[in-house]
Amino acid sequence: MRIGIREAFLLALLLALPLLSWWLVFRPQNAFISQAKREIDHKNQMLAKLRETTARNEDLQRSNAEILQNIQSIEARLPSNKEVDSVIRQVSDLAVESGLEPPNMESDKPVAAALYMEQPLKMKIQGNFNGFYEFLVKLEQLPRITRINDMKITRATNQDGHMKAEFVLSIYFQQEGKAP
């Protein structure tokens with residue numbers, strides 16, 4: 001078998017055809033496919049971030065609803081400025097129920113405390129220490145928000161177990177007609 005020019009040309013054409021098809025068809029298609037895969041990966045990453053963010057938004061909305069509910073329950077415990085007198089009567093009644101002498105109270109001017117008002121009362125109480133402890137426990141269980149500042153307890157000199165206490169009781173309240 002003799003290889004002539006015509007056969008050599010045909011052989012070269014047969015070898016060049018797969019190389020040209022790889023160079024002109026498959027190589028651009030592979031580049032296009034790899035670019036499309038990179039875009040798909042990028043979009044999947046963005047979608048995962050979006051899902052994570054929306055899941056966090058739902059958690060934030062749920063947390064905000066819980067916080068709002070807690071604020072409303074605390075605000076329900078705040079009396080209006082008209083109800084402060086009844087809270088003061090309750091405190092006095094608690095002292096008498098606990099076996100203490102009726103308290104001596106002096107009212108100061110209401111003070112603004114954040115979005116609410118604070119009514120400080122200077123109180124002087126005398127009686128048995130166990131009764132005073134019982135009074136503090138009952139005061140803590142009141143449905144209204146109160147705070148005790150500057151407490152000074154001294155022992156009464158004439159009787160054993162008796163004491164005198166001076167403290168400032170703050171009662172928090174909402175001014176009527178003003179929304180917090």
**Item:** Positive minus negative residues near GLU52 (Lys, Arg vs Asp, Glu; Cβ under 13 Å)
**Value:** +1
**Cα centroid of segment 102-180 to Cα centroid of segment 1-34, whole Å** = 99
**Message:** Within a 10 angstrom radius of the beta carbon, how do HIS162, HIS42 rank from fewest other beta carbons to most?
**Reply:** HIS42, HIS162
**Message:** Charges at C-beta only: +1 for Lys and Arg, -1 for Asp and Glu. How large is the resulting dipole of the chain about its Cα centre, in Debye rounded to 20?
**Reply:** 1420
**Request:** Report relative contact order for the chain in percent, whole number only (criteria: Cα-Cα under 8 Å, sequence separation at least 6).
**Result:** 20
**Asked** Taking the Cα centre of the chain as the origin and placing charges on Cβ (Lys, Arg +1; Asp, Glu -1), which of MET123, PRO18, ALA95 is farthest toward the positive end of the dipole?
**Response** PRO18
**Fill in**
One finds, for LEU136 and ARG56 with R0 = 41 angstrom and r their Cβ-Cβ distance, a FRET efficiency to the nearest 0.05 of 0.40
**Item:** Summed side-chain charge close to LYS164 - residues other than LYS164 whose Cβ falls under 9 Å, Lys, Arg +1, Asp, Glu -1
**Value:** +2
**Asked** About its Cα centre, what dipole magnitude does segment 53-134 give when the only charges are +1 on Lys and Arg Cβ and -1 on Asp and Glu Cβ, stated in debye to the nearest 20?
**Response** 180
**Request:** Specify the angular offset, from 0 to 90 degrees and rounded to the nearest 10, of the alpha carbon long axis of helix 5-21 from the longest principal axis of the alpha carbons in the chain.
**Result:** 10
**Request:** Find out how many positive minus negative residues lie around ILE153, taking Lys and Arg as positive, Asp and Glu as negative, among other residues whose Cβ is under 11 Å from that of ILE153.
**Result:** +2
**TYR116, TYR172, TYR133 arranged by Cβ crowding within 10 Å, fewest neighbours leading** = TYR133, TYR116, TYR172
**TRP22/ASN44 FRET efficiency (R0 22 Å; Cβ-Cβ; nearest 0.05)** = 0.15
**Message:** What distance in nm lies between label points placed 7 Å from Cα along the C-beta direction at LEU15 and ALA31?
**Reply:** 2.6
**Message:** Given a Förster distance of 45 Å, report the FRET efficiency between ASN158 and GLU83 from their Cβ-Cβ distance, rounded to the nearest 0.05.
**Reply:** 0.70
**Message:** Need the full-extension length gain, ASN64 to ASN104, defined as separation in residues times 0.36 nm minus the C-alpha distance. One decimal, nm.
**Reply:** 10.1 nm
**Request:** Figure the gain on full extension for ARG147 and LEU115 (residue separation times 0.36 nm, minus the Cα-Cα span) and round it to one decimal in nm.
**Result:** 9.9 nm
**Item:** Which listed pairs, of LYS82/LYS109; LYS122/LYS152; LYS109/LYS152; LYS109/LYS164, have C-alpha distances above 18 Å, in listed order
**Value:** LYS109/LYS152; LYS109/LYS164
**Message:** Taking the beta-carbon count within 10 Å as an exposure proxy, list PHE167, PHE129, PHE173 from fewest neighbours to most.
**Reply:** PHE129, PHE167, PHE173
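FYI, it's all coordinate maths here, none of it is from the lab. Here the structure is a predicted model, which is why all the values come from computation and not from measurement. Ideal geometry is used to build each Cβ from the backbone, glycine not excepted, and the neighbour counts take in all protein chains shown.
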